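Enquirer: This is the structure I want to talk about, given as structure tokens.
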Amino acid sequence: MREALFLRQNQARWQQYETRPAANPDELAARFVALTDDLAYAQTFYPESPTTAYLNGLTGKLHQAIYKNKSEARGRFGNFWVRELPLVVSRHQNVLAWTLLFFVLCTALGALSAAYDDTFVRSILGDSYVNQTLENIHRGDPMAIYKSDEETSMFLFITFNNIKVALTAFAMGITAGLGTGVALFYNGLMLGSFQYFFYKQHVLAASVLTIWIHGTLEISAIVLAGGAGFVMAKGILFPGTHSRTESFRHAAREGSKLALGLVPIFMLAGFLESFVTRHTEMPVAASVAIIGGSAAFILWYFGWYPWRLRQQQKAALTAPQT
């Protein structure tokens, strides 16, 4: 085969290896095997060619990446939180951004529906909750419902329920995203109508300063779990150059890492709701600090940090070989 034809057939794939990091160790290994075959062919037929030198450098980079992955295996647990999960987020930030937009629109629809239909809040939240909260508002303690249960039992119930809701939203991605969309739609309607209800009762500020102590983490994690479901749905609907089965398996692995990675966040949100939110008398500054700290963590860990890590990885793969 002439060198020009060899280049034409393989150059796009090599460039992809340079610019698009491998999704997982299996893909990295497959790339390394393919490149060593290409390098062996080039060394045989074009030993002094720039193509051979280029392939030698690219293969060296992948060899280093594989060696690094092996050396990090001993710290796999820490590596999952420091690199693996953030890189999953970085590969799917567009899907997660569209998921957030969808949820915000559903929340706005919930608030709008509550504004135009006085019965909507009761149909979503239930008569019992609405009546109890109205009574609490009239007694001057609108958030008293968070004080009604014992802390430990409340923590266990809320945490397991939220994890179940999130994993269900993710698992429903197997319905090509329809089930995930319905789950996010319902949760968005609930949030919007819930907040409008407090606005109508003139206690919106008190509700925000109380509910979002735990809600910042809880709602963010629910949206991210829905995003994990849509990641799986994307693998089913848009397999690209892979077979649909292969694409689904890869997307399911990616989505499951994200969904399971949210468990500690749900645990922390459950702890805050059970042990902290009930203290409605706490200073406003304390509430703002908890809410602001939670929001900053979500924006950093699921926003800036994955993007930055991705940029560093791309730079490492495209750096000149020394």
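The values are calculated or read from the model by the stated rules, or taken from the named source; none is laboratory data. Given the structure is predicted, the values throughout are model-derived calculations rather than measurements. Here the Cβ positions follow ideal geometry from the backbone for every residue, glycine too, while neighbour counts run over all protein chains shown. The protein model used for the area step is the full one, side chains on, heavy atoms only, and it has no ligands, DNA or RNA in it. Shrake-Rupley method; radii C 1.70, N 1.55, O 1.52, S 1.80 Å.
Enquirer: Identify, from the list Gly270, Gly240, the residue that is touching a helix residue (DSSP H, G or I) at 6+ places or on another chain (Cβ under 7 Å), open to solvent by 50 Å² or more (accessible area, probe 1.4 Å) and either within 21 Å of Gln195 (Cβ to Cβ) or free of Cβ contacts under 8 Å to residues at least 12 places away in the same chain (or both).
Expert: Details: Gly270 fails: open to solvent by 50 Å² or more (accessible area, probe 1.4 Å).
Being touching a helix residue (DSSP H, G or I) at 6+ places or on another chain (Cβ under 7 Å), open to solvent by 50 Å² or more (accessible area, probe 1.4 Å) and either within 21 Å of Gln195 (Cβ to Cβ) or free of Cβ contacts under 8 Å to residues at least 12 places away in the same chain (or both) holds for just one of Gly270, Gly240, which is Gly240.
Enquirer: Could I ask something else about it? Among the listed residues Ser123, Ser128, identify the single one that is among the small types (Gly, Ala, Ser), open to solvent by 30 Å² or more (accessible area, probe 1.4 Å) and under 30 Å from Glu281 (Cβ atoms). Break it down stepwise before answering.
Expert: Numbers: Ser123 fails: under 30 Å from Glu281 (Cβ atoms).
Just one listed residue meets the conditions, Ser128.
Enquirer: Residue by residue through the stretch 267-298, note down the ones that are in contact with a Phe, Trp or Tyr (Cβ under 9 Å, 6 or more places away or on another chain) and hydrophobic (A, V, I, L, M, F, W, C).
Expert: The answer is Met267, Phe271, Phe275, Ile290, Ile291, Ala295.
Enquirer: On to the next question. Can you pull out every residue in the stretch 206-219 that is of a type outside the set (A, V, I, L, M, F, W, C) and either surrounded by fewer than 21 Cβ atoms within 10 Å (Cβ to Cβ) or free of Cβ contacts under 8 Å to residues at least 60 places away in the same chain (or both)?
Expert: Just the residues of the stretch 206-219 that are of a type outside the set (A, V, I, L, M, F, W, C), to begin with: 207, 210, 214-216, 218.
Selection gives Ser207, Gly215, Glu218.
Enquirer: Looking at the stretch 80-139, which of its residues are outside any helix (DSSP H, G or I) and of a type outside the set (Gly, Ala, Ser)?
Expert: Filtering the stretch 80-139 down to residues outside any helix (DSSP H, G or I) leaves 92, 117-119, 126, 139.
The answer is His92, Asp117, Asp118, Thr119, Arg139.
Enquirer: For residues that are in contact with a helix residue (DSSP H, G or I) (Cβ under 7 Å, 6 or more places away or on another chain), of a type outside the set (A, V, I, L, M, F, W, C) and touching a residue at least 24 places away in the same chain (Cβ under 8 Å), scanning just the stretch 147-172, find the one that is most open to solvent (accessible area, probe 1.4 Å).
Expert: In this case the residue turns out to be Glu151.
Enquirer: Sticking with this structure for a sec: What is the number of the single condition among (1) assigned to a loop (DSSP other than H, G, I, E, B); (2) open to solvent by 50 Å² or more (accessible area, probe 1.4 Å) that Leu260 does not meet?
Expert: For Leu260, the failing item is (1).
Enquirer: Given (1) farther than 30 Å from Ala144 by Cα; (2) of a type in the set (Gly, Ala, Ser); (3) exposed (fewer than 14 other Cβ atoms within 10 Å of the Cβ), identify the lone condition not met by Ala251.
Expert: Just one mismatch for Ala251, condition (3).
Enquirer: Here is a further query. Would you say Ser90 is hydroxyl-bearing (Ser, Thr, Tyr) and buried (at least 16 other Cβ atoms within 10 Å of the Cβ)? Can you show your working first?
Expert: Working: hydroxyl-bearing (Ser, Thr, Tyr): yes; buried (at least 16 other Cβ atoms within 10 Å of the Cβ): yes.
So Ser90 passes the test.
Here is a yes/no grid of residues against (1) assigned to a helix (DSSP H, G or I); (2) open to solvent by less than 40 Å² (accessible area, probe 1.4 Å); (3) at pLDDT below 80:
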{"site": "Gln15", "(1), (2), (3)": "yes, no, no"}
{"site": "Ala22", "(1), (2), (3)": "no, yes, yes"}
{"site": "Val33", "(1), (2), (3)": "yes, no, yes"}
{"site": "Ala40", "(1), (2), (3)": "yes, no, yes"}
{"site": "Gln43", "(1), (2), (3)": "yes, no, yes"}
{"site": "Ala73", "(1), (2), (3)": "yes, no, yes"}
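Enquirer: Take Gly177 and decide whether it is under 24 Å from Asp117 (Cβ atoms) and within 18 Å of the chain's Cα centre (by Cα).
Expert: Numbers: under 24 Å from Asp117 (Cβ atoms): no; within 18 Å of the chain's Cα centre (by Cα): yes.
The answer is no for Gly177.
Enquirer: Could we say that Asp141 is open to solvent by 60 Å² or more (accessible area, probe 1.4 Å) and out of contact with any helix residue (DSSP H, G or I) (no Cβ under 7 Å at 6 or more places or on another chain) here? Steps first, please.
Expert: Numbers: open to solvent by 60 Å² or more (accessible area, probe 1.4 Å): no; out of contact with any helix residue (DSSP H, G or I) (no Cβ under 7 Å at 6 or more places or on another chain): yes.
So Asp141 fails the test.
Enquirer: Residue under question is Asn10, and the condition is that it be modelled with pLDDT of 85 or more, in a helix (DSSP H, G or I) and polar (S, T, N, Q); does it hold?
Expert: Working: modelled with pLDDT of 85 or more: yes; in a helix (DSSP H, G or I): yes; polar (S, T, N, Q): yes.
Yes.
Enquirer: Okay, next question. So is Ala97 farther than 11 Å from Gly188 by Cα, exposed (fewer than 15 other Cβ atoms within 10 Å of the Cβ) and among the small types (Gly, Ala, Ser) or not?
Expert: yes
Enquirer: Tell me, please, whether a residue that is more than 17 Å from Val95 (Cβ to Cβ) and out of contact with any Asp or Glu (no Cβ under 8 Å at 6 or more places or on another chain) can be found in the stretch 223-241.
Expert: Within the stretch 223-241, the first condition is being more than 17 Å from Val95 (Cβ to Cβ), and the residues that meet it are 241.
Checking the rest, the ones that are also out of contact with any Asp or Glu (no Cβ under 8 Å at 6 or more places or on another chain) come to 241.
Looking for residues that are more than 17 Å from Val95 (Cβ to Cβ) and out of contact with any Asp or Glu (no Cβ under 8 Å at 6 or more places or on another chain), one finds at least one in the stretch 223-241, hence yes.
Enquirer: Residue check, Ile222 against (1) crowded, with 22+ Cβ neighbours inside 10 Å; (2) over 13 Å from the mean Cα position of the chain (by Cα); (3) closer than 30 Å to Ile137 by Cα, all met but one. Which one?
Expert: (2)
Enquirer: Among the numbered criteria (1) closer than 19 Å to Phe102 by Cα; (2) of a type outside the set (Phe, Trp, Tyr); (3) at pLDDT below 95, which one does Ser247 miss?
Expert: (1)
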